[in-house]
C-alpha cells in the first residue's frame, strides 16, 4: 500500500517538473560580473540569500560563478548580506 | 616575477575632502608605479549608496584601478589599504593571467588619450559656459547703465522705461537658452 502511494506521489510530482535551461549556457553573450549588482539581484531572494540552482535552473558551472560574483559584490557593499526589513 | 593584470575596487568615504581623496589616490598610484607596474586606467564610479553601512558610513565613493603588475605590487597595495583608515573596503581580482607588456602599454596610452580628451572637452565646456555667463553679465551691466542713463537724462513718466525694459529681457532670455 505504502509503496504504491509513494509511487503515485512521485509520478504526480514529476508532472510539474519542467526542465530548465541555464540562461548563461543558452546565451553566451551574458557575462557574470560582480560589478553589476542589478543583474545579480535576480539570483538572490528578497532576504539576500543566494537562490539554489534547483530553483534558478543554472548549470553547476554558472552557479559557481554566480555564487562567487554575489559574494564579491557583498564584500564591496554592492549587495546586502541580509535584508531584515522584509 | 610574472606580470598579471589585476583590477582593484576600493571604497573611500563619500564625505572625504577632495584634497584628501586625491592624496589617497596618488598614494595608491604611487605604489603601482614604484613596483614597476603599468597603470592602465582608473574608473571613478562616483558616490553610491552602500548596501549596508561600513564604518558607520551610509555612502561611499567607488574607484576601480586597472593595472598590470606582479604579486608584490598587489600585496603592497593591499597592505597600504589595510593601514589607511579612509579606505572602507577593497577587493583585488585577477583579470588576466598572461599579459603582453607591449599591448598593456599601448592600452595605457590609449586610455590616457581618452581621459585627456574627456578632460579637455569638459574644460572647454566649462570655459564656454563661463564666457557665456560673463558676456551675459556684461550685457546686463551695460543695459543697466543705459537704463540709468536714460532715466537720468529723461525724467519722464514710467511708461517709457518699462517699454524699453521688455524687449531687453527677451534678448537676455534668448542668450541664456543658448548658453
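Residue B:3 meets all of the listed conditions (1) buried (at least 19 other Cβ atoms within 10 Å of the Cβ); (2) within 24 Å of the chain's Cα centre (by Cα); (3) more than 14 Å from chain A (Cβ to nearest Cβ) but one, namely (2). Test residue B:55 against the criterion of being on the phi > 0 side of the Ramachandran plot, more than 16 Å from the chain's Cα centre (by Cα) and at pLDDT 90 or above, and give yes or no. The answer is yes for residue B:55. Restricting attention to the range B:79-90, does a residue exist that is in a strand (DSSP E or B) and within 14 Å of chain A (Cβ to nearest Cβ)? Yes, the range B:79-90 has at least one match. Could you list all residues from the range A:58-75 that are in contact with a helix residue (DSSP H, G or I) (Cβ under 9 Å, 6 or more places away or on another chain) and at the interface with chain B (Cβ under 10 Å from one of its Cβ atoms)? Within the range A:58-75, A:73 is the sole residue that qualifies.
Quick check, is residue B:64 surrounded by 18 or more Cβ atoms within 10 Å (Cβ to Cβ) and either in contact with a strand residue (DSSP E or B) (Cβ under 8 Å, 6 or more places away or on another chain) or in a loop (DSSP other than H, G, I, E, B) (or both)? Lay out the reasoning, then the answer.
On the way: surrounded by 18 or more Cβ atoms within 10 Å (Cβ to Cβ): no; either in contact with a strand residue (DSSP E or B) (Cβ under 8 Å, 6 or more places away or on another chain) or in a loop (DSSP other than H, G, I, E, B) (or both): yes.
Considered against the rule, which asks whether it is surrounded by 18 or more Cβ atoms within 10 Å (Cβ to Cβ) and either in contact with a strand residue (DSSP E or B) (Cβ under 8 Å, 6 or more places away or on another chain) or in a loop (DSSP other than H, G, I, E, B) (or both), residue B:64 comes out as no.
The single residue among B:15, B:66, B:44 that is under 30 Å from residue A:48 (Cβ atoms), out of contact with any helix residue (DSSP H, G or I) (no Cβ under 7 Å at 6 or more places or on another chain) and more than 14 Å from every other protein chain (Cβ to nearest Cβ) turns out to be B:15. Is it fair to say residue A:55 is buried (at least 17 other Cβ atoms within 10 Å of the Cβ), over 22 Å from residue B:66 (Cα atoms) and more than 14 Å from every other protein chain (Cβ to nearest Cβ)? No, not satisfied. Could you tell me whether residue B:97 is under 30 Å from residue B:24 (Cβ atoms), exposed (fewer than 11 other Cβ atoms within 10 Å of the Cβ) and either in contact (Cβ under 8 Å) with a residue 40 or more places away in the chain or touching a helix residue (DSSP H, G or I) at 6+ places or on another chain (Cβ under 6 Å) (or both)? Taking the combined requirement at face value, the residue satisfies it.
The helices (runs of 4 or more DSSP H) found wholly in the range A:23-86 and carrying at least 3 residues that are at pLDDT 90 or above and more than 13 Å from the chain's Cα centre (by Cα) occupy A:60-75.
The values are calculated or read from the model by the stated rules, or taken from the named source; none is laboratory data. Predicted, not measured: the structure shown is a model, and the values here were computed from it. Cβ sites come from the backbone with ideal geometry, for glycine too, and all protein chains shown count toward neighbours.
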